[in-house]
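This report refers to the structure that appears directly beneath it.
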Amino acid sequence: MTQIYQYGVAALFIEVIVIFFYFQKRSLALFQNIVFLIILSDLTIATCFELGAIYMEDNMSKFPLNVVWLMECLYFTFNTTFGILFAIYNLSAFDIFSRLKKRTIRIIQVGLLIPYILCIAEIWLSFILRNYVTLAFTLDPVEGYGRGNNFCFYLLCVTKAFYVLSSFFIIISFHKHIPKAKMQIMYFFLVTISITSFTQLINSELLIESFGMALVTLVYFFYIQKPEEMVDASTDTLNQSALLRMVRYNLTVRRKIYCIAVYIDDTVFIANTFGLSHLHAFLKEVGNFFKQNFSYSNVFSRQQGCFCILLRDADNEKLNEVLYTLNNRFQKTWVCDNVELKLYIRLCIIECPKDAETSEEVFDIVNMISTDERYRQSVIFASEIDLKYRRRTIYIEHCLRNGLSENRFDVFYQPIYSTAEKKLIGAEALIRLKDEQGHFISPEDFIPIAEKTGAILRIGEYVFESVCLALSQINVEEYGIKKIDINLSVAQCMQEILAEQILKIQSIYQIPTSIINLEITETAAAHTPEILLKNMQDLSDAGFELSLDDYGSGYSNMNYMLNLPFKMIKIDKFIVWAAFSDKRAEKALEATIKMIKSIGMTVLAEGVETPEQAEWLTASGCDYLQGFYFSRPIPKKDFLEIMKKNAKGHVITADS
């Protein structure tokens with residue numbers, strides 16, 4: 001049987017090219033890259049054995065029959081090995097392993113290994129039992145190579161198809177996490193391997209299967225491997241993606257590693273003083289120093305001014321050597337483009353898996369040290385970090401980012417009681433946030449984070465518009481609603497267009513300005529007096545009531561009450577509670593209420609929880625009371641039901 005071997009020669013040519021470029025480009029010692037190199041080696045060896053077997057088959061008389069058998073068995077062994085290797089590679093290259101549980105990974109490993117072992121056993125039993133039975137294939141001194149054309153031969157074909165389809169179906173299950181371009185490469189793999197393998201199956205003379213394998217490997221190398229994607233161009237070190245994969249791989253194989261994060265504190269100064277070009281030049285010099293001392297594959301650029309060095313299987317002695325090398329070099333000056341500078345660094349040492357069990361936890365620590373002022377030390381160990389707090393903060397930041405788009409914010413209302421009218425006359429609007437599981441996150445947790453990230457601006461606007469929408473949909477007189485208090489954050493008060501934004505929303509919903517009371521904290525009054533004064537004056541002129549919130553919790557400066565157009569003062573709940581446990585605090589609160597009343601302002605006391613507190617505060621001259629004694633913050637629907645009952649003469653307290 002004359003076989004067409006030219007495709008095999010072309011396959012070998014492609015494989016040599018891929019191997020050449022593989023070693024030309026720097027590759028990480030990652031599981032994916034190791035498997036890819038093994039695939040290249042396996043495929044090249046398989047092609048060589050295939051070409052050798054073809055030559056021997058065409059010249060059977062020149063070679064001992066056992067040698068030809070051995071050549072055929074080796075070809076089938078390496079050819080079959082390509083299938084399982086490529087299945088494993090696909091699961092690694094598309095980052096499937098990191099998304100699976102350990103038990104699932106074990107099941108997949110066993111599921112891939114059993115068919116492979118059976119096929120390898122079948123191949124070599126064909127040689128061992130050749131004189132007794134025909135299994136996968138046979139060799140005849142006259143006829144040459146022949147297929148078994150039985151269950152055993154087609155089992156090899158089915159096994160190859162199994163490896164292709166199994167990895168394909170697993171990847172399809174995770175297609176949402178895989179870029180579209182990479183999915184298209186996977187389709188190319190499936191189609192090419194299927195066509196070439198099926199073509200060789202129906203036409204055994206056309207040896208095209210190895211060519212299809214080589215072609216797929218070539219495409220994978222340039223579109224999936226892409227070593228250049230792992231390099232940070234500005235520093236010529238490995239980038240954040242490479243760091244993520246390297247940490248993930250080492251943790252997966254349970255290897256102990258140290259991740260040393262190196263923070264350069266002078267980046268902003270260098271950029272502002274000498275320009276970005278000089279900054280990049282200095283960072284490149286730092287990167288070169290790291291590569292020369294710690295090897296290319298262990299140095300990563302996390303972000304501008306932050307490098308990470310990985311030490312694998314290192315002990316404390318090795319760690320101390322690295323720290324000494326770093327400190328010794330950075331005690332000296334750096335010279336670049338005729339500019340001489342001394343760079344100051346901070347170091348964070350993360351021991352994995354002791355300090356961090358996942359790559360995400362490693363990144364959390366690195367990010368935390370770069371942004372948290374509490375950890376601005378020359379050297380800090382991850383074991384000293386309050387990581388639980390940081391993770392909670394990051395999770396809340398995530399919830400805040402997606403809260404509005406995913407409708408997880410809601411406005412609750414805490415009723416306000418009028419001591420003069422002896423009934424509820426309105427409420428304070430309070431923002432509430434649910435996490436992804438539907439559980440409420442405390443405002444004490446998310447409000448400070450929202451203020452820090454700037455999300456509070458969108459939240460404040462959302463609350464005001466939600467209140468205006470709710471009021472526009474009802475007859476407020478029917479419900480006896482005379483005032484709704486809305487908090488303004490410090491960030492909102494710093495906006496010069498605050499009054500303009502509020503008036504714009506109010507005009508859209510046509511809500512009487514007199515029904516809205518805008519609460520401003522003492523902190524806001526202290527931080528932005530000029531901007532705040534203009535905004536307050538514009539809002540007051542438009543008819544909004546303005547109140548000073550949480551009086552007594554902050555600066556408690558009399559100037560705020562006298563110089564800003566407040567009409568009401570809200571006494572902080574902690575001042576109220578203190579008055580019922582300490583006689584001096586009681587006298588102070590009583591005097592404070594009289595003083596506020598004497599200058600023509602109304603008083604609201606927060607934190608009222610008992611009838612005794614309500615009676616004493618009423619007798620002391622408070623105009624309004626708010627607290628759990630009357631109601632906790634409740635959804636809009638429940639608030640309107642309470643107000644409707646209240647309007648009909650029902651006395652509403654926590655007991656009713």
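A simple rule links phi to the HN-Hα coupling: the Karplus curve 6.51 cos²θ - 1.76 cosθ + 1.60 with θ = phi - 60°, which for the stretch 303-315 gives 6, 4, x, 10, 10, 10, 10, 9, 10, 9, 6, 9, 9 Hz, with x for Gly and Pro. The Cα center of the stretch 453-510 and the Cα center of the stretch 114-187 differ in position by 68 Å. For the chain, the longest principal axis of the C-alpha atoms and the axis of helix 583-598 are separated by about 70°.
Mind running the shape call on the stretch 42-94? Use the C-alpha gyration tensor, a ≥ b ≥ c as the square roots of the eigenvalues: rounded below 1.5 for a/c, prolate if a/b tops b/c, oblate otherwise.
Here the stretch 42-94 falls in the prolate category.
Its residues counted as N, the chain yields a C-alpha radius of gyration over 2.2 N^0.38 Å of 1.42.
Taking the stretch 90-123 and a reference point 7 angstrom along Cα→Cβ of I34, the backbone N atoms nearer than 15 Å belong to 92-93. Putting +1 on Lys and Arg Cβ atoms and -1 on Asp and Glu Cβ atoms, find which of G552, P141, I38 reaches farthest to the positive end of the dipole of the chain. Going by the Cα projections, it comes out as P141. Stretched out straight at 0.36 nm per residue, the stretch from E360 to E500 would grow longer than its current Cα-Cα span by 46.1 nm.
Helix content alone sets the calculated 222 nm mean residue ellipticity of the chain: runs of n ≥ 4 DSSP H residues at -39500 (n - 2.57) each, divided across all residues, give -18000 deg cm²/dmol. Dipole check for the chain: with +1 at the C-beta of Lys and Arg, -1 at the C-beta of Asp and Glu, and the Cα centre as origin, the magnitude is about 860 Debye.
For the stretch 339-437, chymotrypsin sites (Phe, Trp or Tyr not before Pro) are listed when DSSP marks them as loop and at most 13 other Cβ atoms sit within 10 Å of their Cβ; the list is Y344. For the residue pairs K318/K452; K102/K354; K176/K452; K182/K354; K423/K594, the C-alpha atoms sit more than 30 angstrom apart in K318/K452; K176/K452; K182/K354. Across the stretch 46-167, C-alpha contacts under 8 Å between residues 6 or more apart give a mean separation that, scaled by the residue count, equals a relative contact order of 28 percent. Each peptide in 111-117, 10-16 was scored by the mean count of other Cβ atoms within 10 Å over its residues; highest first, the order is 10-16, 111-117.
Here the stretch 1-99 is assigned +1 on the Cβ of each Lys and Arg and -1 on the Cβ of each Asp and Glu. Its dipole about the Cα centre then comes out at about 360 debye.
Measuring nothing but how far apart in sequence close Cα pairs (under 8 Å, 6+ apart) lie, relative to its length, the chain scores a relative contact order of 9 percent. Gain on full extension, evaluated as 0.36 nm per residue between L118 and N293 minus their Cα-Cα distance, stands at 58.2 nm. Each Cα pair under 8 Å and six or more residues apart adds its separation to the average, and for the stretch 148-303 the resulting relative contact order is 20 percent. The overall shape of the stretch 425-468 is oblate: from the C-alpha gyration tensor, with semi-axes ordered a ≥ b ≥ c, the ratio a/c is 1.5 or greater and a/b is no larger than b/c. Residue ranges 62-74, 619-631 sort as 619-631, 62-74 when ordered by packing (mean number of other C-beta atoms within 10 Å per residue, highest first). Of the GluC sites (Glu not before Pro) found in the stretch 161-251, the ones in coil according to DSSP and having at most 13 other Cβ atoms within 10 Å of their Cβ are E205.
Packing, as the average of other Cβ atoms within 10 Å across residues, places the peptides 636-644, 347-355 in the order 347-355, 636-644, highest first.
Pull out a ≥ b ≥ c, the square roots of the eigenvalues of the alpha-carbon gyration tensor of the stretch 104-181, then state rounded if a/c is under 1.5, prolate if not and a/b is larger than b/c, and oblate in the remaining case. In terms of gyration-tensor shape, prolate. If R0 equals 22 Å, the separation of the Cβ atoms of N402 and S442 corresponds to a calculated FRET efficiency of about 0.75. Here F63 and L100 are evaluated by their C-beta separation; at R0 = 51 Å the FRET efficiency comes out at 0.60. Look at the dipole of the stretch 309-386 built from charges on Cβ: of N316, N338, V379, the Cα furthest out on the positive end belongs to N338. Each Lys or Arg adds one and each Asp or Glu takes one away; over the other residues whose Cβ falls under 13 Å from the Cβ of F76, this sums to -3. Largest first, the residues V133, V335 sort by 1.4 Å accessible area into V335, V133. With a cut-off of 20 Å on the backbone N, the residues of the stretch 277-303 near the modelled label site 7 Å out from V253 along Cα-Cβ are 294-300.
The values are calculated or read from the model by the stated rules, or taken from the named source; none is laboratory data. If you're wondering where the values come from, they're calculated on a predicted model, not measured in any experiment. Note: ideal-geometry Cβ built from the backbone for every residue, glycine included; neighbour counts use all protein chains shown. The protein model used for the area step is the full one, side chains on, heavy atoms only, and it has no ligands, DNA or RNA in it. Shrake-Rupley method; radii C 1.70, N 1.55, O 1.52, S 1.80 Å.
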